[in-house]
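Undergrad: Provided herewith is a single structure, encoded as structure tokens, for subsequent inquiry.
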């Protein structure tokens, strides 16, 4: 028996809330060890199933835990759905690789830092979208040890509304939410604002003036990220820098090649590769290394479930020119329950990876079974 082949691969969908479903992949090797990865892509679960049906049988034939990056490198995805499946398989292969060496993933990649700066994304836990609702979420994050915060406050803004000339009016509600959070966290804490590609350049310039007065640390994803917008993004970055702010983006891009035009074109101070989408751990590390050469910091995008968080914690320990890691704050108690034990606490904005081999955590079958969105899909080596 060849021990360096996979025995089974399963795909699991876990319903977290009315708006969130987490997607996990589990690989089992011939020794019974389990490696896990996360492919969450909210709202596209059916597409993930179809992509898995195409990709997983090939992974069973070709993926090797002893060479964890080779499958992702030899099977470049065509879109974000395929990349989510490939990236999750890659996370799980790296976990198996590290477990075989009795190491954490960070130790297997090395060299690594001990503590990881993190910030609380309080957006998804904030169902009350009033300024007071955001303020309450910020208070909860402070009580949990956070000193940096991010919100996505511009629910009323869209590129269509901006094109109609109503963007400045529509963004006022978002500015009120930012002001409420700033009042709670005080004048010196980092506060980031995610715009979710809702603005045009003209309105984004007005936005920058407004949020600079509120002491915002970075403005994230103001414009749709198409290459024709790179010159406009570079102009907005310059404006942000002139007012003491950073410009951040690129959270859904796949592979360094898709980051490169933006980085070389001066679009951003900070890029935000996501472990779930970028196409694998090797590609995320490469993106960080190439970005560093251009003077651009890396702050991984990480607003999802516990397996993506565990993998992001591990890779954040080894990235060059690393700024801080996003942490999805308090959306659901399942975040900790699904892995059986709470992640290590955040203290003064710092945390550490869980103590353990591989990713440091594993999904708990009994908790998953109580929360399945749909039946688990499973493939065996004979399929």
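The values are calculated or read from the model by the stated rules, or taken from the named source; none is laboratory data. All values derive from a computational prediction rather than experimental measurement. Cβ sites come from the backbone with ideal geometry, for glycine too, and all protein chains shown count toward neighbours.
Undergrad: Just one of the numbered conditions (1) within 30 Å of residue 90 (Cα to Cα); (2) in contact with a helix residue (DSSP H, G or I) (Cβ under 9 Å, 6 or more places away or on another chain); (3) in contact (Cβ under 8 Å) with a residue 40 or more places away in the chain; (4) outside any loop (DSSP other than H, G, I, E, B) is not true of residue 179; which one?
TA: Evaluating residue 179 over (1) within 30 Å of residue 90 (Cα to Cα); (2) in contact with a helix residue (DSSP H, G or I) (Cβ under 9 Å, 6 or more places away or on another chain); (3) in contact (Cβ under 8 Å) with a residue 40 or more places away in the chain; (4) outside any loop (DSSP other than H, G, I, E, B) leaves (1) as the failure.
Undergrad: While we're looking at this one, here's another question. So which residues in the stretch 280-334 are more than 23 Å from residue 149 (Cβ to Cβ) and touching a strand residue (DSSP E or B) at 6+ places or on another chain (Cβ under 6 Å), if there are any at all?
TA: Hits for the stretch 280-334 are 288, 291, 307.
Undergrad: Looking at (1) without any contact (Cβ under 8 Å) to a residue 24 or more places away in the chain; (2) part of a helix (DSSP H, G or I), which is the only condition residue 127 fails?
TA: (2)
Undergrad: Filter the stretch 342-355 down to the residues that are out of contact with any helix residue (DSSP H, G or I) (no Cβ under 6 Å at 6 or more places or on another chain), in a loop (DSSP other than H, G, I, E, B) and surrounded by fewer than 14 Cβ atoms within 10 Å (Cβ to Cβ) and list them by number.
TA: Within the stretch 342-355, 345, 348, 355 qualify.
Undergrad: For residue 151, are the conditions met, namely being under 21 Å from the mean Cα position of the chain (by Cα), in the same structural domain as residue 198 (by TED's automatic domain parsing) and either under 14 Å from residue 178 (Cβ atoms) or modelled with pLDDT under 95 (or both)?
TA: Judged against the criteria, residue 151 is a match.
Undergrad: Evaluate the following for residue 133: is it in the same structural domain as residue 327 (by TED's automatic domain parsing) and under 20 Å from residue 219 (Cβ atoms)?
TA: No, not satisfied.
Undergrad: Does residue 315 satisfy being crowded, with 16+ Cβ neighbours inside 10 Å, under 19 Å from the mean Cα position of the chain (by Cα) and closer than 13 Å to residue 275 by Cβ?
TA: It is true that residue 315 is crowded, with 16+ Cβ neighbours inside 10 Å, under 19 Å from the mean Cα position of the chain (by Cα) and closer than 13 Å to residue 275 by Cβ.
Undergrad: Can you say whether residue 193 is crowded, with 23+ Cβ neighbours inside 10 Å, in a helix (DSSP H, G or I) and touching a residue at least 12 places away in the same chain (Cβ under 8 Å), as far as the supplied structure shows?
TA: Answer is no for this residue.
Undergrad: Also: Give, as residue ranges, the strands (runs of 3 or more DSSP E) completely inside the stretch 1-120 that count at least 3 residues that are in contact with a strand residue (DSSP E or B) (Cβ under 8 Å, 6 or more places away or on another chain), outside the structural domain of residue 192 (by TED's automatic domain parsing) and over 29 Å from residue 322 (Cβ atoms).
TA: Here the list reads 6-17, 20-29.
Undergrad: Kindly provide the set of residues from the stretch 101-124 that are surrounded by fewer than 20 Cβ atoms within 10 Å (Cβ to Cβ) and over 17 Å from residue 313 (Cα atoms), ordered by number.
TA: Listed by number, the residues that qualify are 101, 102.
Undergrad: Anything in the stretch 136-176 that is free of Cβ contacts under 8 Å to residues at least 40 places away in the same chain and part of a loop (DSSP other than H, G, I, E, B)? List them, or say none.
TA: Result: 155, 156, 164, 165, 166, 171.
Undergrad: Restrict the check to the stretch 328-347 and report whether at least one residue is under 13 Å from the mean Cα position of the chain (by Cα) and not assigned by TED's automatic domain parsing to the domain that holds residue 18.
TA: Yes, the stretch 328-347 has at least one match.
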